[in-house]
1. Measure off 7 Å from each Cα along the Cα-to-Cβ vector at residue 60 and residue 35, then give the distance between these two points in nanometres to one decimal.
2. Calculate log10 I(q)/I(0) of segment 28-105 for q = 0.15, 0.22, 0.26 Å⁻¹, where I(q) comes from the Debye formula with a single equal point scatterer on each Cα and nothing for solvent.
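The numbers here are math on the coordinates, done by the rules we state, and not lab data. Just so it is clear, the model here is predicted, and its values are computed rather than measured. With ideal geometry, Cβ positions are generated from the backbone for all residues, glycine too; neighbour counts draw on all protein chains shown.
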Amino acid sequence: MRFGRGRGTLIAGAAAGAFLMVMGSPTSANAAAARTYPIAPGYTVNVRSGPGTGYTIIRTLPVGAMVSIYCQRPGETISGPYGTTNIWDNIDNGAYVSDAYVNTGSDGYVAPRCS
């Protein structure tokens with residue numbers, strides 16, 4: 001299933017029934033710096049147009065998704081499986097998920113701040 005330009009491709013693993021989200025980068029300069037992180041096991045996560053639940057949901061990541069984080073910014077404080085945080089991860093151009101649902105291995109910033 002292809003979402004659209006710059007939004008990535010969803011790949012289903014036939015044997016394991018697993019899903020992997022391969023994200024397109026907002027800019028080629030960020031592509032080299034971005035690392036990939038798993039979404040919390042068992043969760044589907046809303047991707048929003050900005051860093052808070054008041055922003056429009058632009059898509060939903062499936063269980064087992066992986067995301068690339070290009071930059072991070074402060075926003076609405078959210079509680080999730082990885083704690084309570086106001087950090088939002090930019091995973092694509094104009095696409096954000098709360099860091100509370102991304103296993104970065106850190107309670108702080110793991111990518112540059114979004115400009």
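1. 3.0 nm
2. Rounded to two decimals, the profile gives -0.44, -0.98, -1.36.
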